[in-house]
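The values are calculated or read from the model by the stated rules, or taken from the named source; none is laboratory data. These numbers were taken from a predicted model, which means no experiment stands behind them. No Cβ is skipped: glycine too gets one built from the backbone with ideal geometry, and neighbour counts run over all protein chains shown. Side chains are part of the model used for accessible areas, which takes the heavy atoms of the whole protein and leaves out ligands, DNA and RNA. Shrake-Rupley method; radii C 1.70, N 1.55, O 1.52, S 1.80 Å.
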Amino acid sequence: MAILEVKDLKKTFKQTPVIKGISFDMAEGEILGILGPNGAGKTTTLQMILGILTPTSGTVTIFGQNMPQDKTSIMERVNFSSTYTDLPWRLTVRENLIWTSYLYNIPDRARRLDKIKTIFRLDKLWNQSTSSLSAGQRTRVNLSRAYVNFPQLLLLDEPTASLDPEVAAYIREFFADQRTRFNTSIILTSHNMTEVENLCDRVLILKNGRIIGNDTPGRLAKKIDETHLNLRVTKRADILAQLIETSKLKSVETDGVTSITLKEKLLPLFLYEVAKNKIHYSEITIDKPTLEDYFLRIAKGKDHGKSTGGDL
Amino acid sequence: MKLYRLWGIALRYLFLFRHSLDRLSDAFFWPVVDLVLWGLTSRYFASTSLADNHLVLAFLGGIILWIFPWRGQYEISVNLLEDLWNRNLVNLFVSPILFLEWITTLLLLGVVKALVSFAFAGCLALLLYQANIFSLGWLLLPWGALLILFGWVFGLLIAGIVMRYGTRIQTLAWTAIYIVAPFACVYYPVSILPPWAQTISRFVPASYVFEAMRTTLAGGTVPLTNLIWPLILCLTYFLLAAYMIHRSFLHILKRGLISVE
């Protein structure tokens, strides 16, 4: 059952359409990534889902209730954390979490705050003023604030930006664990492609206010059929160069390693040609397409699926 | 409206009050400065027989009662600014709180802080000048209520303007209410004003309270019915200001709360 349904959502700022009619839904327990170049409309979409930006048209339904008409009851079960927001600087971490907890109907606040303190490793920061925290610590406190009501739907805008790798990994594990244990649904935007690839069940790609991709990270990556074959050639490098040229492939050489771009299905044939021509190499690696490759192609404006993989 | 949510918002500003020297000084330092400066000035006037002793109490009464509209306005507009400076408005409105709950809390905080500052300034006046503002008794209740309502009107208006135009016009939060102060006749009778200003003064509800205070301190009586017109004025202004701030909130929702600064 869909816990979130977005239907034909549009937003126009001063006659400029920013979101041009997007529709998608989300199942309970799903982790959905929203990717897109800067200005694609990711934050605008999140704001409309949260009811802090009025759409020009379209509807948002969460837990079967309409946003913004039923906002109060919806937001008891939803929360948000963003790099665009801060908590009051002069208050301590403890104070910030206390006042936030009172915005929700939480039966045992003291116990809840203790839990949050442990989960987000806030013991040492507990009585420090928010202004004295590092960017990473502040991100962690912001995330803990978003967990104060143990939301069933959590929207995260760049959740691990500015966290050190160890804490970022811990937080990612925590999100995954929350989904497993409590079926928490998460929408996240991130520029960390590895994070999105590892964490998300599905990714929406936004560009110029439209959804141009909506699939699993693996299937999106597979829409690019280019592979990079990297060879450190030790003998008959000139023959390899000829082979690349006659096959109309692209290649670059870095630190003695030749990286050849070709379609994945042509790889066995090319390697056969390499062996047949007695080209010796001491090192071989194959880089398969990733979500990042797909994203970069989208961001550059190339149609997905088209390739420069040659015609062996 | 849920009480726990109102308490949550109140806690956010009360915690700040504890940590913020400038907010503490606003509540206590400026009333002290005003009382010392104006109290001594009025005493000097009284001693040169330019005026009688009741002038001292009238001056001090003006200073002390002015705390009500000032704090009523200040709590709304400066607390909004705090949330804009701290980029905290989004945190508030991605929670279940209603716009009405947020505004209600700011209005009530204005009352609480006005009462604290009023009690502090009243005691200080008693201590420094043996001037007992509390001798006005129960009259302080309707006067204080009317004045704070007047302060709320300004608070809502300024907050509405700051929401629309952002922190670049934040100075209004500290200064705007002083635009109306000359017509509120805090320290002098309405009759002192030139005729055109007297006309404006008739539409400033606070002027009726300060006029009534001076009359009462001089030994006269002012029937409570005299406060009906200023009350009607105040309620009308309040409804208009409430409508205006609600429109401003809807306006910023069209831009998105994240972009408000």
So if each residue of separation counts as 0.36 nm, and I subtract the Cα-Cα distance between A:D201 and A:D215, what length gain in nm does that give?
4.2 nm
If one takes the longest principal axis of the Cα atoms in chain A, at what angle in degrees, from 0 to 90 and to the nearest 10, does the Cα axis of helix A:109-119 lie?
20 degrees
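Counting only heavy atoms of protein chains, what accessible area per residue, in Å², does the protein assembly as shown have with a probe of 1.4 Å? It would help to have the intermediate numbers written out before the result.
Working: 25660 Å² over 573 residues.
It amounts to 45 Å² per residue over the protein assembly as shown.
Could you work out the relative contact order of segment A:226-299, using alpha carbon pairs under 8 angstrom and six or more residues apart, expressed as a whole percent?
Numbers: 94 pairs, mean separation 36.9, N = 74.
Worked out over segment A:226-299, it gives 50 percent.
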Charge dipole magnitude, Cβ of K and R +1, D and E -1 - segment A:101-174, Cα centre, debye nearest 20
300 debye
Which residues' amide hydrogens lie under 5 Å from the amide hydrogen of A:F80, considering only partners 5 or more residues apart or on another chain, with H built in the peptide plane?
A:L155
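Compute the normalised compactness of segment A:27-141: alpha-carbon radius of gyration over 2.2 N^0.38 Å, N being the residue count. The partial results should precede the final answer.
Working: Rg = 16.5 Å, N = 115, 2.2 N^0.38 = 13.4 Å.
Against the compact-globule rule of thumb, the ratio is 1.23.
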Give me the inter-chain shielding for A:86-96: mean count of other chain Cβ atoms within 10 Å, whole number please.
6
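Using only the Cα atoms of segment A:2-219, construct the convex hull and provide its projected area averaged over every direction, in square nanometres to one decimal.
Numbers: hull surface 47.5 nm².
Approximately 11.9 nm², given one-decimal rounding.
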Would you check the accessible area of A:H191, probe 1.4 Å, heavy atoms only, in square angstrom rounded to 10?
100 Å²
Directionally averaged shadow of segment A:226-299, computed from the convex hull of its alpha-carbon atoms, nm²:
5.1 nm²
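Suppose only helical runs count, i.e. DSSP H with n ≥ 4. What mean residue ellipticity at 222 nm does that imply for chain A under -39500 (n - 2.57) per run, divided by all residues and rounded to the nearest 500 deg cm²/dmol?
Values: 11 runs with 107 residues, N = 312.
Helix contribution divided over all residues of chain A: -10000 deg cm²/dmol.
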Pop out the ³J(HN,Hα) list for segment B:151-162 in order, Karplus 6.51 cos²θ - 1.76 cosθ + 1.60 with θ = phi - 60°, rounded to Hz; leave Gly and Pro as x.
x, 4, 4, 5, x, 5, 4, 5, 4, x, 5, 5
When the solvent-accessible surface of protein heavy atoms is calculated with a 1.4 angstrom probe, in what order do A:I98, A:I187 fall, highest first?
A:I98, A:I187
Using heavy-atom solvent-accessible surface (probe 1.4 Å) with all chains present, what is the largest-first order of B:S117, B:S259?
B:S259, B:S117
Could you go through segment A:137-154 in sequence order and give the Karplus-derived ³J(HN,Hα) for each residue, using 6.51 cos²θ - 1.76 cosθ + 1.60 with θ = phi - 60°, rounded to whole Hz, and x for Gly and Pro?
5, 5, 4, 5, 5, 4, 5, 5, 4, 5, 9, 4, 9, 6, x, 8, 10, 10
Amide H proximity to A:I3 below 5 Å, modelled H, separation 5+ or other chain, gives A:M26, A:A27, A:E28
Under the Karplus curve 6.51 cos²θ - 1.76 cosθ + 1.60, θ = phi - 60°, whole-Hz ³J(HN,Hα) for segment B:189-204, x wherever Gly or Pro sits
x, 4, 4, 5, 5, x, x, 5, 6, 4, 4, 4, 4, 4, 9, 10
Here are some pairs, A:K115/B:K2; A:K11/A:K115; A:K265/A:K300; B:K2/B:K254; which of them have Cα atoms lying more than 32 Å apart in this structure?
A:K11/A:K115
For B:L100 and A:T59, FRET efficiency with R0 = 25 Å and r from the beta-carbon atoms, rounded to 0.05?
0.55
Mind pulling the angle between the C-alpha long axis of helix A:267-276 and the longest principal axis of chain A? Nearest 10 degrees, somewhere in 0 to 90.
30 degrees
For A:I212, distant residues with modelled amide H under 5 Å away:
A:I205, A:L206, A:K207
If you line up the long axis of helix B:54-85 against the longest principal axis of chain B, both from Cα atoms, how many degrees apart are they, to the nearest 10?
10 degrees
What average number of partner chain Cβ atoms lie no more than 10 Å from the Cβ of the residues making up A:21-32?
0
In the Gaussian network model of chain B, springs joining C-alpha atoms below 10 Å, which of B:A218, B:A58, B:A242 carries the largest mean-square fluctuation?
B:A218
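Can you list which of the trypsin sites (Lys or Arg not before Pro) found in segment A:33-142 are DSSP loop residues with at most 10 other C-beta atoms within 10 Å?
On the way: sites: A:K42, A:K71, A:R77, A:R90, A:R94, A:R109, A:R111, A:R112, A:K115, A:K117, A:R121, A:K124, A:R138, A:R140; in loops: A:R77, A:R90, A:R121, A:K124.
Those that pass, being in a loop and sparsely packed, are A:K124.
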In terms of solvent-accessible area of protein heavy atoms at a 1.4 angstrom probe, what is the ranking of B:T199, A:T194, highest value first?
A:T194, B:T199
Given a Förster distance of 60 Å, the FRET efficiency implied by the Cβ-Cβ spacing of B:F134 and A:A135, rounded to the nearest 0.05, works out to 0.70
For A:T258, what accessible area in Å² do you get when you roll a 1.4 Å probe over the heavy atoms of the protein chains, rounding to the nearest 10?
20 Å²
So, R0 is 25 Å and r is the distance between the beta-carbons of A:T16 and B:T167; what FRET efficiency does that work out to, to 0.05?
0.50
Taking only C-alpha positions in the protein assembly as shown, Rg and Dmax in angstrom work out to 32.6, 119
At q = 0.10 Å⁻¹, what log₁₀ I(q)/I(0) does a Debye calculation on the Cα points of segment B:3-259 give, no solvent, two decimals?
-0.52
Return the average number of partner chain Cβ atoms within 10 angstrom of each residue Cβ along peptide A:40-51.
2
